[in-house]
Amino acid sequence: MFDALQENLGAAFKTLRGQGKLTEGNMRDGLKLVEKALLEADVSYEVVRTFMKRVGEQALGEKVLGSLRPNEQVIGIVYQELVNLMGPVDHSLHLKGKGDVTVLMMCGLQGSGKTTTCGKLGKMLKANGRRPLLVAADLQRPAAIDQLHVLGEQLDIPVFSDRTTQDPVKVTANAVERAKKLEADVVILDTAGRLHIDSELMDQLKRIDQRCHPDQIYLVVDGMTGQDAVNSAKAFNEALELDGVIMTKLDGDARGGAAISVKEVTGVPLKFMGTGEHLENLEPFHPERMAGRILG
Ligand code: GDP
């Protein structure tokens, strides 16, 4: 994960390490390499700018330059600023008590991994003693309903769908009623996805939000799509006020920029990450661990 970024940052710090006592010029050269590594990893330009300003202010101060091991100090500063960029993260799904129904609304573009992530969350909740109900609220694509039923069977989790209506608001409202009958306590809504953000999709999601008042709204984005993932998080957040982002496909050769940028750009924390196609491949996102990993 994020191999190129790790390598480039490693190279940047290596140039500083060879220097013994650092001059301001050495430090500026090293920081330029850090900046280049972040831009090449597809971190948003604005994020890189503010990040480098924060790092530069500390690294170019006398306290670091005059210290015994300025190189180690800079790594510490970069680590801490990466953690600050990506966090803090509250991993709680804010579930109500077991007698009550919590509604988690899952949104995302087609192909982002939304339906798979609904299954992954269902599995995680079930393992924690909850009784999830998966709800097929993507009525545009009949295949999406089938896919959710297959997941439900695999996980032994009930699935609610209604092929007689084209109204996802109705499906959602009925699903909450069904959850009460089934004594399910977490409703996971798999909403419609599109290839691109359009006003029809946003209107539909807003209608579900206004009528059904989900307790939490999560956006699933594909980490491989870089800045597109960040831009879609921005657009969805403007329409829906997201409670968290779940970034998928971080097991692949994602460059890392989206994971690093999304919280700073949108104000919405990256809560979970998808690390594979299997249903157990969902992990809480820990900024400290991620920053540690990036710095090798
Ligand atoms: P949706 O259209 O957003 O509902 O996307 P799907 O859930 O159908 O997922 C699209 C593809 O991405 C499928 O082939 C999934 O197996 C795959 N996928 C989902 N999450 C991950 C992940 O975290 N890692 C990898 N490698 N593949 C994933």
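The values are calculated or read from the model by the stated rules, or taken from the named source; none is laboratory data. What you see is a predicted model, and the numbers here were worked out from it, not measured in a lab. Here Cβ is always computed from backbone atoms with ideal geometry, including for glycine, and neighbour counts include all displayed protein chains. Heads up: the accessible areas ignore ligands, DNA and RNA and are worked out on the full protein's heavy atoms, side chains in. Shrake-Rupley method; radii C 1.70, N 1.55, O 1.52, S 1.80 Å.
Listed by chain and number, the lysines whose alpha-carbon sits under 21 Å from that of K263, ignoring those within fewer than 8 places in the same chain, are K36, K53, K114, K234, K249, K271.
A simple spin-label model places pseudo-atoms 7 Å from Cα toward Cβ; at K181 and E280 they are separated by 3.5 nm.
Here the contact order of the range 125-216, divided by its residue count and restricted to Cα pairs under 8 Å and six or more residues apart, works out to 35 percent. Accessible area of R28 (1.4 Å probe, protein heavy atoms only, ligands and nucleic acids ignored): about 120 Å².
In the context of the full protein assembly, K53 retains an accessible surface of approximately 130 Å², using a probe radius of 1.4 Å and ignoring ligands and nucleic acids. With N the number of residues in the range 187-259, Rg(Cα) / (2.2 N^0.38 Å) evaluates to 1.13.
Convert 10 °C to kelvin, take the viscosity as 1.306 mPa s, use the Kirkwood radius over C-alpha pairs of the chain as Rh, and evaluate the Stokes-Einstein diffusion coefficient in µm²/s, rounded to a whole number. D, rounded to a whole number, is 78 µm²/s. Computed about the Cα centre, the dipole magnitude for the range 144-296 is approximately 260 debye when only Lys and Arg (+1) and Asp and Glu (-1) carry charge, each at its Cβ. Convex hull volume of the C-alpha atoms in the range 1-115, normalised per residue: 153 Å³.
The range 207-225 to the range 7-77: how many Å between their Cα centroids? Cα centres, the range 207-225 to the range 7-77: 37 Å. Size descriptors for the range 27-89 (Cα atoms only): Rg and Dmax, in that order, 11.7, 35 Å. Note on S92: accessible area is roughly 50 Å² with a 1.4 Å probe, heavy atoms of protein only. Label-to-label distance, D3 versus E40, with points set 7 angstrom from Cα along the beta-carbon direction: 1.4 nm. Averaging the sequence gap over all C-alpha pairs within less than 8 Å and six or more residues apart, then dividing by the number of residues, gives the range 42-151 a relative contact order of 14 percent. By DSSP, the beta bridges lying fully in the range 184-296 are antiparallel in about 25 percent of cases.
Label zone (L295, point 7 Å along Cα-to-C-beta; backbone nitrogen cut-off 12 Å) within the range 55-75: 71-75.
Taken as Cα centroids, the range 128-177 and the range 264-288 sit 23 Å apart, rounded to the nearest whole angstrom.
Bridging of K98 to lysines at a Cα separation below 21 Å is possible for K120, K123, K126, K180, K181, once same-chain residues fewer than 8 apart are set aside.
Based on C-alpha pairs under 8 angstrom that are at least 6 apart in sequence, the chain has a relative contact order of 25 percent. Comparing V265, Q6, L60 along the charge dipole axis of the chain, the residue lying farthest to the positive side is L60, per the Cβ-charge model. Placing a label point 7 Å from the Cα of K126 along the Cα-to-Cβ line, the residues of the range 280-294 whose backbone N sits under 14 Å from it are 280-281. Charged side chains reduced to their Cβ positions (Lys and Arg at +1, Asp and Glu at -1) give the chain a dipole of some 480 debye around its Cα centre. When both bridge partners sit in the chain, DSSP labels roughly 10% of those beta bridges antiparallel. Classification of the range 68-170 by its C-alpha gyration tensor yields a prolate form. The axis ratio a/c (a ≥ b ≥ c) is 1.5 or more, and a/b outweighs b/c.
Can you tell me which aspartates and glutamates have their Cα less than 13 Å from the Cα of K32? Leave out same-chain residues fewer than eight positions away. By straight Cα distance, K32 reaches E24, E40. One chain, two ends: A235 and D29. Fully extended at 0.36 nm per residue, the span grows by 70.5 nm beyond their Cα-Cα distance. Secondary-structure-derived ellipticity at 222 nm for the chain, considering helices only, amounts to -17000 deg cm²/dmol, per-run term -39500 (n - 2.57) for DSSP H runs with n ≥ 4.
Around I197, under 11 Å between beta carbons, what's the net of Lys plus Arg minus Asp minus Glu among the other residues? Counting the neighbours of I197, the net charge comes to -2.
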